[in-house]
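Notes follow the structure.
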Amino acid sequence: MESVDSNFPVRHRKFSLEIKGNKTEIVICSYEDHILVIATQIGAMGTILHARKEEGMSVEPTFSVSVIFGKRDEPMLIATARRLIDHISSFVPSKPLVLSLGLKDHSSETLKEIVAAVIENRLW
Amino acid sequence: METEYDQVLHSVAQVKIADQTGVNQDEDGVKVSCFTEVLDDVTLHFQIIRLAKQIYVWIGYNSAKFGNLYAAASTRPSNTVSVATVLGGTSDNTGSGIAHRLVMKTGLNIIMACNIPKNNPLLEAKAEKMLMRKLIDLGYTMPTPLRAT
């Protein structure tokens, strides 16, 4: 479901899917200088991560991904943010990602489905 | 003599929250509300995303920039409100005060992104008032909000 207000400067898209029996709500918002993705199964934002592409001299892109709020001992969440910023930066290189994951399980199958769903419904 | 700033502050304090009975907690799904208000020569954009146990708010000042991100909630045992700057910002953050007062008045668990520039307390107060009104209108406030002591 896409935002219907064409005058509002921030576009957003909201949808819901079921992953391993858990209802997952996803909201993607595109601000002028950030992309916000919220994926929640618990009704709250959960762990919030920040990811951006680093300005670098080398040919290979480097990314800086960190947890800014919440669980800091879950590498799968960081990997998810890394995967998404990789995708985002190939379309809009200058927009960092704020990713919020409020999930009941942090298994790789769940996270892969979330990444696939976000990319399929992307706003960048 | 009361300055305009004091007047706005007073009216913000007087925005009363009636006790809500039967708040529909069963309503599933995430709800996104967006609206824009124009004040003098300033455009304020508001985005409210209601999750079941938390509310995300974005306030845009003339642009669609994300701004600084704050998390605010009431903390046990004494029901005081804590605010953390999660992304960006320096110590004199404009949004943290708004987040703090929002939680005090509404009892909600709030994540707020705000790019209102600093040194503009009047604008801050007006934005806060608009946001409070909208949150009440949408019925997102808790039945027994925390009161400022």
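Longest span of chain A, sites excluded, free of GluC sites (Glu not before Pro) in DSSP loop with at most 16 other C-beta atoms within 10 Å? Result, exposed sites excluded: A:56-124.
In the context of the full set of protein chains, the stretch A:22-75 has a per residue accessible area of 46 Å² (1.4 Å probe).
In the stretch B:28-136, a dipole from Cβ-located charges (positive for Lys and Arg, negative for Asp and Glu) runs towards its positive end, and of B:A84, B:I59, B:L39 it is B:A84 whose Cα lies farthest in that direction. Between B:R76 and A:S107, the simple spin-label model (points 7 angstrom out along Cα→Cβ) gives 3.1 nm. From helices alone, chain A scores -7500 deg cm²/dmol at 222 nm; the rule is -39500 (n - 2.57) for each run of n ≥ 4 DSSP H residues, then divide by the residue total.
Cα centroid separation, the stretch A:31-74 to the stretch B:32-47: 27 Å.
Loop-located chymotrypsin sites (Phe, Trp or Tyr not before Pro) in the stretch A:1-92 (DSSP state not H, G, I, E or B) with no more than 13 neighbouring Cβ atoms inside 10 Å: A:F91.
Only the Cβ atoms of Lys and Arg (+1) and of Asp and Glu (-1) were treated as charged; on that basis the dipole of the protein assembly as shown about its Cα centre amounts to roughly 480 debye. Rounded to the nearest 100, the interface formed by chains A and B buries 2300 square angstrom of accessible surface, both chains summed, with a 1.4 Å probe. The share of alpha-carbon pairs in the stretch A:10-119 lying farther apart than 23 Å comes to 23%. Remark: for residue pairs A:K14/A:K112; A:K14/A:K104; A:K104/B:K134; B:K65/B:K118, the C-alpha separation exceeds 22 Å in A:K104/B:K134. Each residue, B:D137 and B:T36, gets one label point 7 Å from its Cα in the Cβ direction; the gap between the two is 1.6 nm.
The values are calculated or read from the model by the stated rules, or taken from the named source; none is laboratory data. Just so it is clear, the model here is predicted, and its values are computed rather than measured. For neighbour counting, all protein chains shown are included, and Cβ atoms are generated from backbone atoms with ideal geometry for every residue, glycine included. For accessibility, only protein heavy atoms count, side chains too; no ligands or nucleic acids. Shrake-Rupley method; radii C 1.70, N 1.55, O 1.52, S 1.80 Å.
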